[in-house]
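Below you'll find the structure I mean.
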Amino acid sequence: MHQIAVLASGFGSNAAKLMDYFQNHPQIRVALVVSNNASARVLTKAGERRIPVEVLPGPAWENREKLLKVFENYQVETIVLAGYMRLLPPYFVKAYRNRIINIHPALLPAFGGKGMYGMHVHRAVIESGAHKSGITIHLVNEQYDEGEILFSKSLDVLPEDTPESLAKKVLELEHRYYAPVVENYILHGPDMKISD
């Protein structure tokens, strides 16, 4: 069984979708949910599904051996970020090179980088006058939003769209594609094929 850890900082709607998608999967299982925020709603959602949780606030990531041991104890092979609001330290990225996946609510490389998350992204897309937005699922490296792109899906930005209406449409794409892309990458690597 391929064990994955889901990292999230807040509400965790993508995390919940991942947990549900893999709940009865024959080959992949969410073995752990990690948050840097002890009051994150995602921890409750994991508890409801009987998935183990670990709260690892910022200072916990400074102790390399202890931190990596947490993931080793759950035999985690792949890390999936679902609204995780901290930059992962270089030692962690190195330990899980090409095995950390993130989703970004825009078409990278545009509208990425430090501070570009959540509504900040959708506001920037609307203000730029862009005609397209969407999602980008990518591998994580040491920089924000710069890892290899695994999958992207675009949608039209309409003249009447607001940051809020765009956020809702993008979230629907996230919920539809994130778990299947993660599944395909784990099972097939870079040769994965995703269909609508």
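Scanning for something farther than 20 Å from residue 181 by Cβ, in contact with a helix residue (DSSP H, G or I) (Cβ under 8 Å, 6 or more places away or on another chain) and hydroxyl-bearing (Ser, Thr, Tyr), does region 83-96 turn up at least one residue?
Kept after step one, since they are farther than 20 Å from residue 181 by Cβ, are these residues of region 83-96: 85-87, 89-92, 94-95.
With in contact with a helix residue (DSSP H, G or I) (Cβ under 8 Å, 6 or more places away or on another chain) added as a condition, the list becomes 86, 89, 91-92, 95.
Applying the additional criterion that residues be hydroxyl-bearing (Ser, Thr, Tyr) yields 91.
The answer is yes, given that some residue of region 83-96 is farther than 20 Å from residue 181 by Cβ, in contact with a helix residue (DSSP H, G or I) (Cβ under 8 Å, 6 or more places away or on another chain) and hydroxyl-bearing (Ser, Thr, Tyr).
Scan region 77-86 and give yes if some residue there is under 14 Å from the mean Cα position of the chain (by Cα), surrounded by fewer than 17 Cβ atoms within 10 Å (Cβ to Cβ) and assigned to a loop (DSSP other than H, G, I, E, B), otherwise no.
Taking region 77-86 first, the residues under 14 Å from the mean Cα position of the chain (by Cα) are 78-86.
Add one more test, that the residue is surrounded by fewer than 17 Cβ atoms within 10 Å (Cβ to Cβ), and what stays is 85-86.
Filter again for assigned to a loop (DSSP other than H, G, I, E, B), leaving 85-86.
Yes: region 77-86 contains one or more residues that are under 14 Å from the mean Cα position of the chain (by Cα), surrounded by fewer than 17 Cβ atoms within 10 Å (Cβ to Cβ) and assigned to a loop (DSSP other than H, G, I, E, B).
Shifting gears a bit: If you check every pair at least six apart or on different chains, which have Cβ atoms under 8 Å apart with a residue in region 3-22 that is without any contact (Cβ under 8 Å) to a residue 40 or more places away in the chain first and a residue that is of a type in the set (A, V, I, L, M, F, W, C) second?
Partner pairs satisfying both residue conditions: 16/42; 19/6; 19/30; 19/33; 19/46; 19/51.
Among the numbered conditions (1) of a type outside the set (D, E, K, R); (2) assigned to a loop (DSSP other than H, G, I, E, B); (3) more than 15 Å from the chain's Cα centre (by Cα), tell me where residue 112 comes up short.
(3)
From 140, 157, 121, grab the single residue that is surrounded by 20 or more Cβ atoms within 10 Å (Cβ to Cβ) and either in contact with a Lys or Arg (Cβ under 7 Å, 6 or more places away or on another chain) or farther than 19 Å from residue 82 by Cβ (or both). It would help to see each step written out before you state the result.
On the way: 140 fails: either in contact with a Lys or Arg (Cβ under 7 Å, 6 or more places away or on another chain) or farther than 19 Å from residue 82 by Cβ (or both); 121 fails: either in contact with a Lys or Arg (Cβ under 7 Å, 6 or more places away or on another chain) or farther than 19 Å from residue 82 by Cβ (or both).
Unique residue meeting the criteria: 157.
Bear in mind these aren't lab numbers, they're just calculated from the coordinates by the rules spelled out. All values reported here derive from a predicted model rather than from experimental measurement. A quick note on method: Cβ atoms are made from the backbone with ideal geometry, for glycine too, and the neighbour counts reach across all protein chains shown.
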